[in-house]
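These notes are about the structure you will find just below.
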Amino acid sequence: MRCGVVATRPGSRSCEIVDRVIKSCLASFDVDSFFLYLLDRKSGFLRRRRELAHCDGLESSATMSADEDENAAELKIGEEFLKAKCLMNCEVALILDRRLEQLQQMSDDPTNQMSQVFEKSHQYVKRFSRYKNQDAVKQVREILSRNKLAEFELCVLGNLCPETVEEAIAMVPSLKSKGRALEDDAIEKMLNDLSLIKKFE
């Protein structure tokens, strides 16, 4: 189905994936646990890297080498992070909105049920979300997914909403990395489609 803006096709694979991700997150989302999980993953990753460097007796040089090898401009961010599932601010906002609704149904004063982390996170994603309704969010992910972007590339573009090809490449240099460079026309079409969604939202 297409009308005015680039519409999401009902039953499309991308829509099913987005729906499944959002529903699974809503079912058992706890923002405190989520942030603790992220911190634990980060500290565990750094700890393993230090241990490996120490075993080789080259802790400082190995750490420097690892840092030098990591280059987001060339999509060199490590396998663990490259394969990680990312959510745009607007997707997190939908999840936290739904969680807030659940808290409101459970209590006359939902603020008593909210942690400071939840409240601050909710305020942040609401403030910086460029797309507000669920249909628009689904369409944004579908458009970006068509271009076979890495998860972090998709989220950077979805969060920052560059208006020109030059801005997009400046924000995400890996779009032009060797071996997978997107044509300027493809980037421009992607940005135009996103702009239309925002315009008619």
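Derivation of every value follows stated rules applied to the coordinates shown; laboratory data play no part. Since we're looking at a predicted model, the values are computed, not measured. Cβ placement follows ideal geometry from the backbone for every residue including glycine, while neighbour counts extend to all protein chains displayed.
For an R0 of 30 angstrom, estimate the FRET efficiency from the Cβ-Cβ distance between N192 and Q104 and round to the nearest 0.05. Could you put the intermediate results ahead of the total?
On the way: r = 38 Å, r/R0 = 1.28.
E(calc), rounded to 0.05, equals 0.20.
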Mind listing the long-range amide H neighbours of A181? Cut-off is under 5 Å, sequence gap 5 or more, other chains count too, H placed in the peptide plane at 1.01 Å from N. none
Quotient of Cα Rg and 2.2 N^0.38 Å for segment 86-148, N being how many residues it contains: 1.28
What are the residues whose amide H is under 5 Å from the amide H of K76, where those residues sit 5 or more places off or on another chain and H is modelled from the backbone? N71
Whole-Hz Karplus ³J(HN,Hα) for segment 120-134, in order, using 6.51 cos²θ - 1.76 cosθ + 1.60 and θ = phi - 60°, x for Gly and Pro? 5, 5, 5, 4, 5, 5, 5, 5, 9, 6, 8, 10, 9, 9, 5
Listed residue pairs exceeding 30 Å between alpha carbons, taken from K76/K199; K76/K189; K120/K189; K85/K132; K76/K132; K85/K198: K76/K199; K120/K189; K76/K132
For segment 148-201, which trypsin sites (Lys or Arg not before Pro) pass both filters: DSSP loop (anything but H, G, I, E, B) and at most 15 other C-beta atoms within 10 Å? K148, K178, R180
